[in-house]
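The values are calculated or read from the model by the stated rules, or taken from the named source; none is laboratory data. Note that this is a predicted model, so its numbers are computed, not measured. No Cβ is skipped: glycine too gets one built from the backbone with ideal geometry, and neighbour counts run over all protein chains shown.
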Amino acid sequence: MKKSISLLIAIIISLTAFSQEIIPLYPDGVPNSKPSDVEETGADRGLYRDITEPTLEYIQPENPNGTAVIVISGGGYGVIVYNGEGLNTAKSLAEKGISAFVLKYRLPSDQIMEDKRIGPLQDAQQAIKYLRENAQKYGIDPDKIGIMGFSAGGHLASTAATHFEKSYIINEDNTSLRPDFQILVYPVISMEDKMTHGGSRDNLIGKNPSESDIQLFSNDKQVNETTPKAWLTHAADDKLVDVDNTINYFQQLRKHNVEVEMHVFPKGDHGFIFRQPGWMNPLFDWFARNQLL
């Protein structure tokens, strides 16, 4: 009986340990939108679809250390694995004093967007802009704002990390849209046939994409010397998103003298974070070495 009570108390504490806030990304209207009857679904399962009003969910640590991370869940650009990859990861970050913001981004759709290719990127850029402009409000260092993505969310995170020189949103004050660091977990990087995840590519740039779109959204092709430093992880036996996405991205970062650390697990397949509870330990070591913890 005592063990059951202790377990219940632990669960209650884990659910209430963090202050949470939902932040609308576009209080004055969502750009690149068109009228539709689409309604958001999936809140009951933590697997969102048909998002028309993107948000950030702030997971506030008890003692913020100044570092902020925008967490972007995956789901093949067809769904957002919001709770499993997003909220759970954000709470683990907050336990270390990191201010975590879970991005609920618009999934590419011709029904709700004028140009579905750039909708997710707009939301990622707006999230970076918002945090940088409101750093003081949240007790964060405007030079310690990073982005973290899983699977297709890793593609979006790496897109934000390699396409920041062009603003896809209104940015009258020319606020920097460059994340200070990027964390990619079994990410989709390439849109090329030999390496891409087909579903992610189809949803983002269509079933018959132009060669220019394939090159533009193959983020290994967009790396240069200004790309932010990176921490990468993948499983070698990933059957859904080939580990070569991460390996090739690592090689391009290294070639362009961008600081990068990579961890490849021999086994784990796609979504290994749900089966390997200690997977974040090397990441926290990296945070510490980079004065982010």
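Assorted remarks:
- So Ser4, is it modelled with pLDDT under 95 and more than 19 Å from Thr159 (Cβ to Cβ): yes
- The set of residues in segment 117-154 being within 18 Å of the chain's Cα centre (by Cα), outside any helix (DSSP H, G or I) and closer than 20 Å to Tyr168 by Cα consists of Arg117, Ile118, Ile145, Gly146, Ile147, Met148, Gly149.
- Within segment 57-67, not a single residue is out of contact with any Lys or Arg (no Cβ under 8 Å at 6 or more places or on another chain) and crowded, with 24+ Cβ neighbours inside 10 Å.
- Long-range neighbours under 6 Å by Cβ, at least six apart or interchain, first residue in contact (Cβ under 8 Å) with a residue 60 or more places away in the chain within segment 215-232, second surrounded by 23 or more Cβ atoms within 10 Å (Cβ to Cβ) and in a loop (DSSP other than H, G, I, E, B): Phe217/Met191; Asn219/Ile189; Pro228/Pro179
- Answer residue from segment 34-72, given it is at pLDDT below 95 and small (Gly, Ala, Ser) and is farthest from Ile140 (Cα to Cα) among those: Ser36
- Test set (1) surrounded by fewer than 20 Cβ atoms within 10 Å (Cβ to Cβ); (2) under 16 Å from the mean Cα position of the chain (by Cα) - Lys221 fails condition number: (2)
- Qualifying positions in segment 155-174 - over 16 Å from Pro54 (Cβ atoms), assigned to a loop (DSSP other than H, G, I, E, B) and touching a residue at least 24 places away in the same chain (Cβ under 8 Å): His163, Phe164, Glu165, Ser167, Asn171, Asp173
- Among the candidates Pro108, Pro179, Pro120, residue that is modelled with pLDDT of 95 or more and over 30 Å from Pro277 (Cα atoms): Pro108
- Qualifying residue in segment 90-98 (condition: part of a loop (DSSP other than H, G, I, E, B), more than 13 Å from the chain's Cα centre (by Cα) and under 21 Å from Gln136 (Cβ atoms)): yes
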